[in-house]
Amino acid sequence: MDFKPVIWDQIGGLEDVKLKLKQSIEWPIKFPEAFVRMGLTRPKGILLYGPSGCAKTTLVKAAATSCHCSFLSVSGADLFSPYVGDSEKILSQVFRQARANTPAIVFLDEIDAILGSRSVGKTDHGVQERVLSVLLNEMDGVGLKLTERRGYKAELEGGSGEQIENEKEVFIPRTS
């Protein structure tokens, strides 16, 4: 939960990406009455994708800092365990912690590694399917902002076919 605060001005360039994140994350938190008045719904999740090292994590930390949100980051290495049921339990615990510390941003780093690809046509219910099920159930939680990060657009297009209601997709170009 503790992270080094990042302010928007510390991120050079990417003005269009920063604006989209502010509109999707900050504005619903800072101006909830305006969203209600205009009949707008806030996104349940945001999918950030782009090459490694293009500031996806830093951008989300800046959004969390600006909104005074709790920030929870989870990667595939954090989730997977050799014991049956542990991965699902860890993911549920992350969302439980986020609900206890709302408003919160849950950052799923390299979600493609966490969820894998469903295009292979597996018939068994492996750990990735169980984790996906827990993730989709937990995303229905109240007061959470979910942010995912994928490395490559090609993997995005061939990845999970699950649709997340009110999800925004933001491409972050290479910065160097």
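Each reported figure results from applying straightforward, stated rules to the coordinates on display, with no laboratory input. Given the structure is predicted, the values throughout are model-derived calculations rather than measurements. FYI the Cβ positions are ideal-geometry reconstructions off the backbone, even for glycines, and counts take in every protein chain you see.
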Q: Restricting attention to segment 77-92, report how many residues are within 16 Å of the chain's Cα centre (by Cα) and among the polar types (S, T, N, Q).
A: 1
Q.
Can you pull out every residue in segment 1-21 that is surrounded by 13 or more Cβ atoms within 10 Å (Cβ to Cβ) and not in a loop (DSSP other than H, G, I, E, B)?
A. Trp8, Val17, Lys18, Lys20, Leu21
